[in-house]
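The structure appears below as structure tokens.
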Amino acid sequence: MLTSNDFLTQVTCLTKPTSRKASLQGPRLVQNQSYPLLSEMDRLATAWAIFQGLLLEALPFLLLGVTIAGLARWLVPQGAWIARLPRHPLLAPITGALMGFALPACECGNVPVARRLLASGAPLGTAFGFLFAAPVLNPIVLASTWAAFPDQSWLLIARPLGAFLIALLLSALLVQLPEAQLIESSLLAERRLSQPLSSIGLLERSGGLIGAARPDPQPSRAERPQLTEVLEQSSREFLDLLALLVLGCVIAALVQTWLPRSWLLAVGSAPTLSILALMLLAIVVSVCSSVDAFLALGFAAQVTPGALLAFLLLGPVVDLKLAGLFTVLLRPKAIGITAIVACLGVLLIGQWVNLWQL
């Protein structure tokens, strides 16, 4: 019978190095092989934790946005309110931005609502003003910004004002593009079907062609869709957006894991570099606008005021998580224009704040 002492003796003989050289190399071999493996496993575990956090944080707002879009389509007939939206180049985005006060959701929840606006034939400026401004101009985000920075009154004014200006700038530029180069193809076809023939030709409606300037559409009576139809369409829309959201969260988690934040915060005292670093951090972190103020509070003392504001302005408009969601609204060219113009606008605002505050 094998006793415990015999077992320990056999294990010692099996693990005992055969030479002094092996004795010296054994631990080194273990160190070189196991420690990198543990490090990679730790990184994967970190990426998985970040992915879960981003997804669970954004999922309720995505569901809220799809629900509001479905209820608006079912309860309010399309012709009853779409025709009342202003189509003036300046009033349209202002109206859309102010509509953000009615939707307490982050940027993920605004995408399905903006898509419903576009599909219903709403003015482009109104839909884009809502899409880009509502993630900041809503009660939850304004309250969270105040809770995180109650003693920085300038930030409580600068963040909503900056978001409003960025939304107006993006809306003014995007509406200059033809709809066929701006809106995603399936959304464009749905938008054409919702517009009366008095405002758009049959060829344009079926093919998504853009012709000359159209007169303002006349109000049309629209029957309320069946509840089952609304539920079915909302479910499909939610699943499509969820797949894109998961993809965006995966990319954001991987980039955030392999790009340490300490690298970006190391240049926090440089006026221009700090803004660029915090803009990159906002894109990588991809945190929802409803809680990003509390994240920024952790490094607010290490960066310039302009960099802090840039982090709070750019994230709700451009981040890795939104890259996939925007594909259900815009074509790649329009997404690229949005990212570039938003970054330049935020950089200029951050530079101006640094000149004013420093």
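For this structure, a couple of remarks:
- Summarising the amide proton neighbourhood of L330: residues at separation of 5 or more, or on other chains, whose placed amide H is nearer than 5 Å comprise E184.
- Inter-site label distance for Q152 and L165 at 7 Å from Cα along Cβ, in nm: 1.7 nm
- Residues whose placed amide H lies under 5 Å from that of A122, excluding near-sequence neighbours: none
- Footprinting exposure proxy ranking of R116, R331, fewest other C-beta atoms within 10 angstrom first, gives R331, R116.
- Karplus 3J(HN,Hα) series, Hz, for region 54-69 with 6.51 cos²θ - 1.76 cosθ + 1.60 (x for Gly, Pro): 5, 5, 5, 6, 8, 4, x, 6, 5, 5, 5, x, 5, 5, 5, 4
- Cα gyration tensor, region 286-358 - rounded (a/c under 1.5), prolate or oblate: oblate
- Amide H to amide H distances under 5 Å link S286 with L320, where only residues 5 or more positions off or on other chains count and H is placed in the peptide plane.
- Cut-off 17 Å (backbone N to label point 7 Å along Cα→Cβ of L344), residues of region 151-186: 165-177
- Relative protection proxy for 300-309, 230-239, 123-132, from highest mean packing down: 123-132, 300-309, 230-239 (other beta-carbon atoms within 10 angstrom).
- Karplus-based coupling profile of region 136-148, in residue order and whole Hz: 10, 8, 9, x, 5, 5, 5, 5, 5, 5, 5, 5, 7, with θ = phi - 60° in 6.51 cos²θ - 1.76 cosθ + 1.60 and x standing for Gly or Pro.
- Annotation: for a label point projected 7 angstrom from Cα along Cα→Cβ of Q176, residues of region 304-337 with backbone N closer than 17 Å are 333-337.
The numbers here are math on the coordinates, done by the rules we state, and not lab data. Predicted model only: the values in this text are computed from it and were never measured. Cβ: placed from backbone, ideal geometry, glycine included. Neighbour counts: every protein chain shown.
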